[in-house]
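So the structure is just underneath, and the comments pick up after that.
The values are calculated or read from the model by the stated rules, or taken from the named source; none is laboratory data. Keep in mind it's a predicted model, so treat the numbers as computed, not measured. In this analysis, Cβ positions are derived from the backbone assuming ideal geometry, glycine residues included, and neighbour counts consider all displayed protein chains.
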């Protein structure tokens, strides 16, 4: 029988910050190897809830979005060390949201102000129902995992950096181990931005956003030096959706960003044509379920990016 | 009991061409829905063999590389249609090669002339042994799948294009269905460049290159119009390597190409440090086994590319 996880440290829902900044005082101090629980607010910082409407999305202040919970000071962590984060437990709320936010996302030019959309999900039994016959299995992870950056001053929590931050990497589910370089004494670790499910890329700019209850073990690694984020996944990738064929669209050309857009645009057309989805629904479905891969990056001058949609999300 | 595949059409090993060009006369003419077998030479065009050495690689003429077998004229195919290619059978030879070719590959700048490397593999029992304790399961597919391009004149078989070509997409294994737009009467389909295994990206520029015996069914789809390559995979992705945790390295920043390089450079260091590989071996192992994914492409201005190495290839 495994010993129960012993937690004596906790970061509460209101212990969050809106910038990565080494001057933010820690809310908790722990020894290396200790476990912390974190009660993380959703990416809207509590501005959206299960009863929210499009009007609430339009009124949402982007400056209050993507808060992270912490910081946690880990005794002994010094610049040059690596912080190892073992993801022990992740529990979503029973609701989540996905949105098309004007000006944000891979296809921001294609989805202007009039296309602003808010979708509220009910998360139940390990699944989120998108529409009749389309069900997304939950594979929870946190979009934000980071430490204080290597520089002074406040840095937005929106872009990721050498310190991690908004890494939005879907494979960091329970059982994974995350490695980040330490830049400040104590590392000053924070985490948040719960995602119940997401495709590689998070193309519309939002996943299934949800409050998240987090348990992690934080360990200082003096024997390991890494240039930036590395991780070990819990097991096979996308184990809940990688169970049946995928349908893939592609974009080729000398620019990987342009090819990513081409691939997602083609997938949106495929979803409209094959499943009768609206284009805004199709775009959001890509964000929560389709994976962007680089098929080839060496056959100069044209690379290929593929958008891979798991057909397992569609009822037979 | 399934009916055996009935084949009456064949493209022989010497029926290959070194450019995509709508003026190349077809070697075989078939009806829509018929099956063709293709005896495909390897990507060196037969310049390398199971006994080849580095001297042979250095003497290899790049102008003779990446030949494709065909073209096959499919009756009824007209511009605007879609050609559906069902991949029915793929059989590798009992040997293959992987090389670091100077001037070619994602990290060409890091691996100059002196790093030219040729590795000959023995392919046996569905596996290729890389080194003691490192075994790559074979997941064969063809790098080149294409039709005559939308323009006149000869186009290199190295870069992919709207007509497909050197798409190097590892998920097109037996049982997959590939869709390409038709640009010329008869489509003028060709295929080749057998790969016994490859990671997403093919980062060193070569996979496990091998002669391949191919069986495909070609069908004209007048009911489907697509902008460029699309496909349906045979089943779950990377089913032979996606069986255990992955170790991933990442690169972040505003340029996906630079971030891809950063991620692969970090993976090479990881492989050197963890498994004692030389840097040339590590680079080749990335090419045949590691997958490049776009973790996030929306948290402006920094995107994240991850290189994912399946730990299942390492003996416990």
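Mind counting the residues in the stretch A:162-177 that are buried (at least 24 other Cβ atoms within 10 Å of the Cβ), farther than 16 Å from residue A:236 by Cα and touching a residue at least 40 places away in the same chain (Cβ under 8 Å)?
Total meeting the criteria: 5.
With the structure loaded, tell me whether residue B:32 is over 18 Å from the mean Cα position of the chain (by Cα), in the same structural domain as residue B:208 (by TED's automatic domain parsing) and at pLDDT 95 or above or whether it fails that test.
Details: over 18 Å from the mean Cα position of the chain (by Cα): yes; in the same structural domain as residue B:208 (by TED's automatic domain parsing): yes; at pLDDT 95 or above: yes.
So residue B:32 passes the test.
For the stretch A:272-297, give me each residue that is more than 23 Å from the chain's Cα centre (by Cα) and crowded, with 24+ Cβ neighbours inside 10 Å.
A:296, A:297 - these are the residues of the stretch A:272-297 that are more than 23 Å from the chain's Cα centre (by Cα) and crowded, with 24+ Cβ neighbours inside 10 Å.
If a residue must be surrounded by 24 or more Cβ atoms within 10 Å (Cβ to Cβ), farther than 16 Å from residue A:139 by Cα and at the interface with chain B (Cβ under 10 Å from one of its Cβ atoms), how many such residues does the stretch A:185-229 contain?
Residues meeting the conditions: 4.
Count, please, the residues in the stretch B:236-259 that happen to be at the interface with chain A (Cβ under 7 Å from one of its Cβ atoms), without any contact (Cβ under 8 Å) to a residue 60 or more places away in the chain and out of contact with any helix residue (DSSP H, G or I) (no Cβ under 8 Å at 6 or more places or on another chain).
1
Against the definition (closer than 19 Å to residue A:206 by Cα and surrounded by fewer than 17 Cβ atoms within 10 Å (Cβ to Cβ)), how does residue A:80 come out, yes or no?
It is false that residue A:80 is closer than 19 Å to residue A:206 by Cα and surrounded by fewer than 17 Cβ atoms within 10 Å (Cβ to Cβ).
Could you identify the single residue in B:262, B:233 that is facing chain A (nearest Cβ under 9 Å), under 19 Å from residue B:107 (Cα atoms) and crowded, with 19+ Cβ neighbours inside 10 Å?
Testing whether each residue is facing chain A (nearest Cβ under 9 Å), under 19 Å from residue B:107 (Cα atoms) and crowded, with 19+ Cβ neighbours inside 10 Å leaves just B:262.
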